[in-house]
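Values in this text are rule-based calculations from the coordinates and carry no lab data. Not measured: the values here are computed from a predicted model. Cβ sites come from the backbone with ideal geometry, for glycine too, and all protein chains shown count toward neighbours.
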Amino acid sequence: MNLHKPTFNVNKLRKTVLEMAYAGSTVHIGCAFSIIELLAVLYRNHLNYPNNDPESKMRDYLVLSKGHGVMAQYACMRELGWLKDNSFTEYFSNGSELKGLSDSLISGLEVTSGTLGHGFSVGVGMSLGAKLAGTNQKTYALVGDGEINEGAIWEGALFASHHELKNFMVIIDENGFQAMGTTKEVLNLNSIKNKFESFGFETITIDGHDEECIDQAINKLWSSSSNMPKAVVAKTIKGKGVSFMENNNEWHYTRLNEHTYNSALAEIEKGEQ
Amino acid sequence: MRDAFSKCLVSLAKSDAKVLLLTGDHGYSLFDEFRKECPEQYINAGIAEQNMVGMAAGLARVGYRPFVYGLSAFIPLRVIEQIKIDIAHDKLPVVLIGDGAGFVYSHLGASHQATEDIACCRAIPNLSIFSPADRFELESCMIMSYESKGPVYLRLGKADRGDVHSKNLELKIGNLVPIKTNKSNDISFITTGSLVKSVMNIALENFPNSSVWSSPFIKPFENKQIVDICKRSQVLIVIEEHSIYGGLGSVVSEIISEFSPIRLLRIGVQDRFSQYCGTYDYLLEEHGLDELSLIKKIKQFIESI
């Protein structure tokens, strides 16, 4: 039971990510920081969990296909009272449940991901199931821009469009980086918006760190009379919120030390004031 | 056998609206009746197997009972990671049907032949593997797949070799089914799927003091029955239309080496692809799995010990 109404304050969420990354001496901090605002807005204003139950049959589905950003989702789930505090302080300790990538054994995480291009299709299946059952449940699939290198994404995009899964929304975290470099250097995606539009998705490009803008885009897409699936291309900054992590791809795989942890924490706390 | 498959699928779908058939643009006339009887439960996912299997996981998550159909060269081979992560990891009740296993597509070459599918699936936790030999085993396997709480890979090989049983069966999961029993039991044959009929034929005509067991279940597999058979046999011979690596022969050898060592001959596809094309019977011959080659290999083995 969650006694405090969650605010999903983005500074607080980033602080949680930072604390758990430091506690667990883990990587993928940049991947989590780029989707903080997206997740905050989804949980705050859009995702429907009747009775705050992550397993409610009538819930909306949030599929974190880019499993590498899972710390951002853990931070939101903590606000909802779905995770205990010691899951964060003991992150990555032997025998602990929360893993470094999304894992569906955790109530509140819909899919096991991290191997990329999987969650999107599972989300398409869930959305198809909701359509066949005649419910109005929404499905959100959050994918990385690097992730859409995977061919399975485009198989799923064809299907969602062909079957007019109007309650399916893909959100692309376009932070411009993948593991080994920029998306431009590794495998150029050119216009992601044009690609999804050409697959039949109703698509909007936004600043993925502007909470109001995210909220408006999602509302606008859901209020559309079109039967087509939706896509939000969110322009984001990998490592957003900590100056020395922003657009520095080393924070895909660098671990915090005492110095970087304190510096990052100080920056986030400064933002809170 | 294909008729039985189609009828059984239609009957399951008619009795449970949650049953969905997903096909990767395969099946042709096999699904005519299904499409006619249950059009709302039929989904052609296109030539996009990875997405199809991921979607099946999503559908199972929200309460549906997907039967995913493809050729065994694609389901499970092409989508082994989706099966592992999206389906098996969460024990989702998805039935994966791999049709045309072995050398059924004998003229089409290696891309459409599957003799490594069991090996690929066996090490995936929570995934059962069924390999029926005739329409009676198939029907039982279909119903058991539907009733299963977890995922099943249903391997369908050459379907027109004729029945090996004469009536409906009550199969017990993990257990062998006797085809031919014999008191003296010098040789015990254990075989599965498409080759059960051939083994039955050669045992009846050439090896009177033998017993023959069909193995419709590759996983789970009851160890004790093999140990019991070993106690009553001089030699064990496993015959399958699958690689000698990782298939039924491996299952049996793992058990006997641990619990009850006796001499074992594994007959299957050697570690190679088909070199030539031709009829199904021609391909069996190329791989030494036709009846004459089997008899020769068995006799050589018996003489060598």
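The combined condition, being over 24 Å from A:H209 (Cα atoms), out of contact with any Leu (no Cβ under 8 Å at 6 or more places or on another chain) and crowded, with 20+ Cβ neighbours inside 10 Å, is fulfilled by A:G24. Being out of contact with any strand residue (DSSP E or B) (no Cβ under 8 Å at 6 or more places or on another chain), surrounded by fewer than 24 Cβ atoms within 10 Å (Cβ to Cβ) and under 23 Å from A:F168 (Cβ atoms) holds for only one residue in A:E97, A:E150, A:E79, A:E90, and it is A:E150.
Among the residues making up segment A:63-93, those that are more than 21 Å from A:T139 (Cα to Cα) and of a type in the set (F, W, Y) are A:F88, A:Y91, A:F92.
Listed conditions (1) away from chain B (no Cβ under 14 Å); (2) under 18 Å from the mean Cα position of the chain (by Cα); (3) surrounded by 15 or more Cβ atoms within 10 Å (Cβ to Cβ) are all met by A:V170, apart from (1). Checking each residue in segment B:87-116 for being within 14 Å of another protein chain (Cβ to nearest Cβ), of a type outside the set (D, E, K, R) and part of a loop (DSSP other than H, G, I, E, B) picks out B:L92, B:P93, B:V94.
Here is a yes/no grid of residues against (1) more than 10 Å from chain A (Cβ to nearest Cβ); (2) farther than 16 Å from B:R155 by Cα; (3) out of contact with any strand residue (DSSP E or B) (no Cβ under 8 Å at 6 or more places or on another chain); (4) free of Cβ contacts under 8 Å to residues at least 24 places away in the same chain:
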residue: B:Y28; (1), (2), (3), (4): yes, yes, yes, yes
residue: B:P39; (1), (2), (3), (4): yes, yes, yes, yes
residue: B:A45; (1), (2), (3), (4): no, yes, no, yes
residue: B:A60; (1), (2), (3), (4): no, yes, no, no
residue: B:I75; (1), (2), (3), (4): yes, no, no, no
residue: B:I85; (1), (2), (3), (4): no, yes, yes, yes
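Of all the listed residues (A:G108, A:G100, A:G114), the sole one being at positive phi and more than 10 Å from chain B (Cβ to nearest Cβ) is A:G108.
Going through (1) crowded, with 24+ Cβ neighbours inside 10 Å; (2) touching a strand residue (DSSP E or B) at 6+ places or on another chain (Cβ under 7 Å); (3) in a helix (DSSP H, G or I) one by one, B:G54 falls short only on (2).
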